[in-house]
Structure formats: C-alpha cells, structure tokens
1. Could you go through region 134-147 and let me know if any residue there is at pLDDT 95 or above, open to solvent by 20 Å² or more (accessible area, probe 1.4 Å) and under 25 Å from Ala238 (Cα atoms).
2. Could you check, for region 171-192, whether at least one of its residues is over 20 Å from Ala55 (Cα atoms), open to solvent by 20 Å² or more (accessible area, probe 1.4 Å), at pLDDT 95 or above and in a helix (DSSP H, G or I)?
3. Considering (1) under 20 Å from Pro98 (Cα atoms); (2) surrounded by fewer than 19 Cβ atoms within 10 Å (Cβ to Cβ); (3) among the acidic types (Asp, Glu), say which one Asp77 fails and leave the rest.
4. Taking the stated definitions as given, is Val219 under 19 Å from the mean Cα position of the chain (by Cα), more than 30 Å from Gly151 (Cβ to Cβ), outside any loop (DSSP other than H, G, I, E, B) and of a type in the set (Val, Ile, Thr)?
5. Could you grab me the full set of residues in region 107-130 that are farther than 22 Å from Phe71 by Cα and touching a Lys or Arg at 6+ places or on another chain (Cβ under 9 Å)?
6. For region 193-208: of the residues being closer than 30 Å to Val106 by Cβ and in a loop (DSSP other than H, G, I, E, B), which is least open to solvent (accessible area, probe 1.4 Å)?
7. Is it true that some residue in region 18-33 is open to solvent by 80 Å² or more (accessible area, probe 1.4 Å) and either within 22 Å of Ile162 (Cα to Cα) or at pLDDT 95 or above (or both)?
8. Would you mind stating whether Ala124 is in contact with a strand residue (DSSP E or B) (Cβ under 9 Å, 6 or more places away or on another chain), free of Cβ contacts under 8 Å to residues at least 60 places away in the same chain and not basic (Lys, Arg)?
Amino acid sequence: MIRCCFPLQGLLYYVRFRGLNEIERWNIQEGSAVRAEIVKISSETPEMSLVKYAADQIRAGEVLGMPTDTFYGLAADPFNLRAVDKVYDIKTRSRHKPLSLLIESVDQAEELAKALPEEFYALARKFWPGPLTVIVKAGSRLPLKVTANTGNVALRVPNAKIPRAVVTAAAIPITATSANLSGASECTSAEQVRDQLRERINIIVDGGTSPRDVASTIVDLSDEVSRWRIIREGAIPAREISEFFAKG
C-alpha cells in the first residue's frame, strides 16, 4: 500500500505511473516532520526499477539509509559536496573523520586511488566481495571532504546484492559510513535506522535484517614503510589476515 500526504504529490505521481508499488511514504508526523520513505527491495533478487529509483535519488543529492553486508549505511554521492555535508550532519560526525566508500570492482578502486600496491590486489582477490575495508592513498579525483584531508580513502566491495546493484546503476561509488548517530549503536534493520535517525533522513532502503551484526575488518595499506596493518578487527578475524600475508 502507498501512503502519501499532499505535499508529496509529485512522488505519488511517480509511483503510480512507474509502478513502484513497493515504495511507502510514512504519513506520520513528528512535529512538522514527515517520517522517512521506506523503499522495500529484495535482498536476493533486487528489483531493477527500485534499484534505479534509489540510484537516481543518490545522484540527485539525497542521502539514503541502505543495507550492506554488515550494518545499514548512509549512501550518498561522494562527489556531491552538499550530500557529503548531509552525511556528516545526519550522523553528527566530526568532519575530521573520513568517509568510507562502497564500490563495485577493483577497476573502480583504481579510478579512486593512486597507484595501488600489490598487497591491495592480493587482498581484493581473496576477500572481495566481502566485509573487508581497505585503506589506500586517495586519487586527486576524490573531494577532500570525503577523505577529511587525510590523503587516504577506505574502499570496500560488499557481498550484498542491493548496494552493489545501486552502485552499478548510479555509476558512482557511494558512501558507506554506518547509518546511526555518532556514538550510538549501529543499525541492522530499516526500522532501527528510522527510529534512530527520525526526521534526519528522508529515504531508507529496506532490504531486511543485516546478514551479520559485526562491522567490516579494516586493513591500512597507505603506509609504505609498514606496508599493511590491521586498524579494526571485524567480520574477518585479524588472525586470518595475518596468516594470509604470512603465506606471501
């Protein structure tokens, strides 16, 4: 069922004539704010019309709550500086902390980074798609706001069909920081995102409950001296990463 209040008539027209009947606009007001639009997409067989809708919203500057293969994240166009600002505002996140990105392939990583070390390609072959975030030196194409002036960027190819389909449809990477207020618990469902972020976010993609409730493991390859180091142990055990490098 589609519920829509009068000010959102333009969206209702789009839904009716495009046949996107899985989209629901919550017509419940808290003060003067309308709660988030919920876009339900199958995590197993994402509906391309809905994937395109989500991708179009991101390209238009919206910030979407979206499932990944770990927690729900905030998906935005990293090349749109206003959208990047929205991500920081929604999370109340310090501008000194960079934003990680979801990408669709190693080829896309090469477009976003400087020359990649051999360790990067080895990790990508072994662990992507999957819950491994790799920090590398950022290319000049990425805005400084995304990298928080660190000169580095954190990249991941998720093992989840919805975000990969959206990245492909949008033809750009998307931000991947968790969809929660800084310091608060991460969200594993669209309902948790809606309840925590409330009027801060306009659209949430509902892909069901997250397949895991552990964050991605982060490996830093940006230091030419240390070559690699584990920044955060997450879904992939640190021991597995260490053993992988030990084998050469």
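1. Within region 134-147, one or more residues are at pLDDT 95 or above, open to solvent by 20 Å² or more (accessible area, probe 1.4 Å) and under 25 Å from Ala238 (Cα atoms).
2. Yes.
3. Of (1) under 20 Å from Pro98 (Cα atoms); (2) surrounded by fewer than 19 Cβ atoms within 10 Å (Cβ to Cβ); (3) among the acidic types (Asp, Glu), only one is false for Asp77: (2).
4. Numbers: under 19 Å from the mean Cα position of the chain (by Cα): yes; more than 30 Å from Gly151 (Cβ to Cβ): no; outside any loop (DSSP other than H, G, I, E, B): yes; of a type in the set (Val, Ile, Thr): yes.
Against the criterion (under 19 Å from the mean Cα position of the chain (by Cα), more than 30 Å from Gly151 (Cβ to Cβ), outside any loop (DSSP other than H, G, I, E, B) and of a type in the set (Val, Ile, Thr)), Val219 does not qualify.
5. Taking region 107-130 and keeping what is farther than 22 Å from Phe71 by Cα, we get 107-108, 110-122, 125.
Glu111, Leu112, Ala113, Lys114, Ala115, Leu116, Pro117, Glu119, listed by residue number.
6. Gly207
7. Scanning region 18-33 turns up at least one residue that is open to solvent by 80 Å² or more (accessible area, probe 1.4 Å) and either within 22 Å of Ile162 (Cα to Cα) or at pLDDT 95 or above (or both).
8. It is true that Ala124 is in contact with a strand residue (DSSP E or B) (Cβ under 9 Å, 6 or more places away or on another chain), free of Cβ contacts under 8 Å to residues at least 60 places away in the same chain and not basic (Lys, Arg).
The values are calculated or read from the model by the stated rules, or taken from the named source; none is laboratory data. Since the model is a prediction, treat every value here as computed from it, not as a measurement. Note: ideal-geometry Cβ built from the backbone for every residue, glycine included; neighbour counts use all protein chains shown. The protein model used for the area step is the full one, side chains on, heavy atoms only, and it has no ligands, DNA or RNA in it. Shrake-Rupley method; radii C 1.70, N 1.55, O 1.52, S 1.80 Å.
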